[in-house]
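Please read the structure below before turning to the comments.
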């Protein structure tokens, strides 16, 4: 029962309120009169207001930049989905390029300098890296081991062919690009390894979004594509971790880097995973949403895992992804983390990453006809390696030409994961801004082409018409399937 309060008239309330304000003002005047007569303290040497002025200006610019980035990303992403039938991530990547020097900086330099001044670029860079670390954690959290069951030999054959082929082609391409498009400080080994692995990545989240938009996740083609992409990502990121370790150290130190990585993996499997399972088992016995203490403990372990890999020298991204992959996919705590983090990361932080990538992409660096020919060569090599390797492996395990080609088109999507790899390469100094720009264009083209070519290939039957069945007389290696 609510307590009964005495009723006051509106006039009485206003009179009491006015008296309270006047009394407060009068008391402060008395305090001020007494305080002005106190002895002055020693000077600090800092003019009043100067310490907060720059901070307030920087904060205001960061807030404005976040608002512009978020709005532009959603707008362009929505337009791409509505009018071009593309996944919104394509529009979000384009929005990042539009806000960079390639478009806004070229058409309206003053507006670009106001919206994205140089002093906030490091802050946006930190925000973008935190966003990518959390995003890789979510990708690891969504990794479903069930995708790797059933037809494992077929899945592994196609996935690894889609890595090996573009890796070898990319490494070969490095022979022609190294002298003219690299730097003297970069060893050829690091340049060729990175170029090869950057052509081998498949964008698992982009592929999943394409399938989800078409209700094709549970179709035979969708299941096979997700399984191949999952193996592709795990393999490619593992190789990339080794390559980063080699690129960041001398050959002798690289051996120690591998030793540290093995020690990290052993600690995660033997110590951290049992702790995660114990924490999750406690939460599964409780009723209601997971406790904030469990959420906080998970974040602490996530950050420590990312800190460990960053300290080893293979980047925080790998620690975030590996920790997410160790957590049970279908646990209640995992579901709550995906729900709590997903919107903030995808709607706010990832667009910051795209904008930061756009600010580092200068289309003007690809200026001469030779540069554009090299850019086209990179795109052709990427398509030939990823699409060609997947199709060849698909045919080898007995898929029809149409089924193998549909799978190859999906595996050829790169998008976000490619941008993460490219930013890592640019941060390490393994690739130059010019090569970075060419590779960003390659990621856009290969991802953009997937949906229209798939629609043309599959026709009216769509994904449901693809059975992904292999010929009964055909098995990997030419044997007979039993």
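The values are calculated or read from the model by the stated rules, or taken from the named source; none is laboratory data. A quick note: this is a predicted structure, and the numbers were derived from the prediction, not measured. Reconstructed Cβ throughout: ideal geometry from the backbone, glycine too, with neighbour counts over all protein chains shown.
Within region 225-235, can one find any residue that is closer than 23 Å to residue 444 by Cβ, in a loop (DSSP other than H, G, I, E, B) and modelled with pLDDT under 80?
Among the residues of region 225-235, not one is closer than 23 Å to residue 444 by Cβ, in a loop (DSSP other than H, G, I, E, B) and modelled with pLDDT under 80, which makes the answer no.
Considering only residues of region 297-313 that are under 15 Å from residue 327 (Cβ atoms) and without any contact (Cβ under 8 Å) to a residue 24 or more places away in the chain, which is surrounded by the fewest Cβ atoms within 10 Å (Cβ to Cβ)? Even if it seems obvious, please write down each step before you answer.
Filtering region 297-313 for residues under 15 Å from residue 327 (Cβ atoms) gives 297-306.
If we keep only those that are without any contact (Cβ under 8 Å) to a residue 24 or more places away in the chain as well, we get 297, 299-300, 303-304.
Details: 297: 15, 299: 14, 300: 10, 303: 16, 304: 12.
Filtering region 297-313 for residues that are under 15 Å from residue 327 (Cβ atoms) and without any contact (Cβ under 8 Å) to a residue 24 or more places away in the chain, the one surrounded by the fewest Cβ atoms within 10 Å (Cβ to Cβ) comes out as 300.
Given the residues 208, 216, 267, which is the only one that is surrounded by fewer than 23 Cβ atoms within 10 Å (Cβ to Cβ) and over 23 Å from residue 448 (Cα atoms)?
Working: 208 fails: over 23 Å from residue 448 (Cα atoms); 216 fails: over 23 Å from residue 448 (Cα atoms).
After applying the criteria, what remains is 267.
Looking at the structure I just gave you, is residue 405 in a loop (DSSP other than H, G, I, E, B) and either surrounded by fewer than 24 Cβ atoms within 10 Å (Cβ to Cβ) or out of contact with any helix residue (DSSP H, G or I) (no Cβ under 7 Å at 6 or more places or on another chain) (or both)?
Values: in a loop (DSSP other than H, G, I, E, B): no; either surrounded by fewer than 24 Cβ atoms within 10 Å (Cβ to Cβ) or out of contact with any helix residue (DSSP H, G or I) (no Cβ under 7 Å at 6 or more places or on another chain) (or both): yes.
So residue 405 fails the test.
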